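In what follows, a structure is listed as structure tokens, so that the remarks can point back to it.
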Amino acid sequence: VFHAGDISDGWKVYKHHHQQLKPDAIGWDNLREYVVENYPERNGIDTYFITGNHDYKLWKRSGIYFGQELDERRNDLHWLGAMEATILFDEESNVDLELIHPSGGSPYTLGYRAQTLYRERPPEDRPTLGAIGHLHGRMQANAEGVESFYTGCWQGPTPYVKRKGLPSEIGGWIVELEIEESELRKIGTEWISYEVTDHASNNYTATDLTDL
């Protein structure tokens, strides 16, 4: 599993944030243990992840990397860095995946953020595939020669997300790659949606990871 950031909702990320958190996930210590205990764990499946802006608040306040703390507590969680990382699938053909958690809010049009991310880069510096977090939406498109994915999210529409105008596509992609003669010949994709459950005590909907 490749995760494009915000493996947690963070703590004190914005004003009145604590009013939208579960009581047992308030404060960095509690939040860390909540993620360790509730992030899905299955035999034979590892998660390689970057930290997003919500996770990154801990480093900005204390110099501690939230992702590193999760990595140290779960053998199946592997932190690759803050905000971006690149995974090389095939060295000979240079087929790679960039995980990136961009800044800013929802783009004016759905595909605009992917275009701006890769438009200014020299072609030799662009990845084969890009997994773009932060935007809460889902999309698959070829942007400036990069097969780009908006990766969806695991959080329902909180009041903050609604104010920001962010979509909430709950789920993730299954992607199959076929490499032949040092070239990426085939990309097979499937989007998997998950039901959003209602947590009345929080007055908003959010996916309960313990049910997945």
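The values are calculated or read from the model by the stated rules, or taken from the named source; none is laboratory data. For clarity, every value in this text was computed on a predicted model and none was experimentally measured. Note that each Cβ is placed from the backbone with ideal geometry, even for glycine, and that neighbours are counted across all protein chains shown. Calculation scope for accessible area: heavy atoms of the full protein, side chains included, ligands and nucleic acids excluded. Shrake-Rupley method; radii C 1.70, N 1.55, O 1.52, S 1.80 Å.
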Inset, instruction - Just report the Cα centroid separation between segment 29-68 and segment 90-134, whole Å. - result: 23 Å
Legend entry - Label-point separation in nm, SER62 to LYS15, each point 7 Å along Cα→Cβ: 2.6 nm
Inset, instruction - Between GLU37 and ARG74, with labels modelled 7 Å along Cα→Cβ, what's the label distance in nm to one decimal, could you check? - result: 1.4 nm
Inset, instruction - Step through the table entries LYS12/LYS57; LYS22/LYS60; LYS15/LYS164, compare each Cα-Cα distance with 20 Å, and write down the pairs that go over it. - result: LYS22/LYS60
Legend entry - Exposure rule at most 14 other beta-carbon atoms within 10 Å, DSSP loop GluC sites (Glu not before Pro): the chain longest free segment: 121-180
Inset, instruction - Using a 10 angstrom cutoff on alpha carbons, build the Gaussian network for the chain and name the most mobile of THR158, THR109, THR86. - result: THR109
Legend entry - Antiparallel DSSP beta bridges within the chain, percent to nearest 5: 60 percent
Inset, instruction - Would you kindly derive the ³J(HN,Hα) couplings of segment 180-186 from the backbone phi angles with the Karplus curve 6.51 cos²θ - 1.76 cosθ + 1.60 (θ = phi - 60°), listing them in order in whole Hz, with x for Gly and Pro? - result: 9, 6, 6, 9, 7, 8, 8
Inset, instruction - Hey, can you find the accessible area per residue of the chain for me, probe 1.4 Å, expressed in square angstrom? - result: 55 Å²
Legend entry - Helical contribution to [θ] at 222 nm, DSSP H n ≥ 4, -39,500 (n - 2.57), averaged over the chain, rounded to 500: -5500 deg cm²/dmol
Legend entry - Spacing of the two label points (7 Å from each Cα toward its C-beta) at GLU120 and GLU181, in nm: 3.8 nm
Legend entry - Dipole moment magnitude, nearest 20 debye, the chain about Cα centre, only Lys, Arg, Asp, Glu C-beta charged: 1440 debye
